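For reference, the structure I am asking about is given below.
The values are calculated or read from the model by the stated rules, or taken from the named source; none is laboratory data. Bear in mind that the values here come from a model prediction, so they are computed numbers and not experimental data. We place every Cβ from the backbone using ideal geometry, glycine too, and count neighbours over all the protein chains shown. These area figures cover heavy atoms from the full protein model, side chains too; ligands, DNA and RNA do not enter into them. Shrake-Rupley method; radii C 1.70, N 1.55, O 1.52, S 1.80 Å.
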Amino acid sequence: SSKVTVLEQPYDFGDIEIFAGKVSTNYTLKNEGTEAVTITKAVTSCMCTEGEIAGLTFGMHGSEVTSVTIPAGGEEVVKATYDPLAHGPSGVGPVTRMLNLETNSTETPKIELRFSANVIKIEG
């Protein structure tokens with residue numbers, strides 16, 4: 001069997017100031033099966049979000065991730081980075097973004113990593 005579980009899910013950044021810069025969080029993927037699992041594709045839901053796994057980066061339109069293998073019993077960390085200013089200075093309010101991974105596992109062929117935030121602008 002090959003089953004990948006996500007140890008932290010979903011993540012809420014809470015209030016983040018739009019001009020305060022990028023924020024990031026990590027997700028741990030654990031292979032709880034008896035066979036290795038290969039991540040064959042990775043993409044984010046928006047230009048404002050970037051992902052990184054095993055030193056390879058992926059985004060909405062581009063990805064270096066074609067074959068990242070998690071051995072049986074092993075773990076791999078996915079780093080998600082969100083840029084609150086990506087939608088311009090008026091892009092305030094609640095957001096939810098996803099990082100979507102595809103694997104060769106029959107039990108977990110798709111893995112969704114989700115985070116939310118509330119983008120605020122501090123006046124003055």
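Just add up the charged neighbours of Lys110: K/R +1, D/E -1, any other residue whose Cβ is under 14 Å from the Cβ of Lys110.
0
Enter the accessible area per residue of the chain (Å², integer; probe 1.4 Å; all protein chains in place).
Numbers: 6450 Å² over 124 residues.
Result: 52 Å² of accessible area for each residue.
Let me ask you something else. So, with a 1.4 angstrom probe, what is the percent of accessible area on the stretch 1-78 that is carbon and sulfur?
Values: 1960 of 3980 Å².
Carbon-and-sulfur percentage of accessible area, whole number: 49.
Summing +1 for each Lys or Arg and -1 for each Asp or Glu, what net charge is found among the other residues whose Cβ lies under 15 Å from the Cβ of Gly33? Intermediate results must be reported in sequence, preceding the final value.
Working: positive: Lys3, Lys30; negative: Glu32, Glu35, Glu75, Glu76, Glu107.
Result for the local shell: -3.
On the principal axes of its Cα set, how long, how wide and how thick is the chain? Give whole Å, largest value first.
For the chain, the Cα spread along each principal axis is 56, 25, 20 Å.
Consider just the alpha-carbon atoms of the stretch 31-79 and return their Rg together with their Dmax, both in angstrom.
Just the Cα atoms of the stretch 31-79 yield Rg and Dmax of 11.5, 36 Å.
Using the Kirkwood radius over Cα pairs, work out the Stokes-Einstein diffusion coefficient for the stretch 13-53 at 10 °C and 1.306 mPa s, in µm²/s as a whole number.
Taking Rh from Cα pairs, D becomes 117 µm²/s.
So what's the convex hull volume per residue for the Cα atoms of the stretch 57-100, in Å³?
Details: hull volume 4.2 nm³, N = 44.
In the stretch 57-100, the Cα convex hull volume per residue is 95 Å³.
Considering the Cα positions of the stretch 1-69, please state its Rg to one decimal place and its Dmax as a whole number of Å.
14.2, 46
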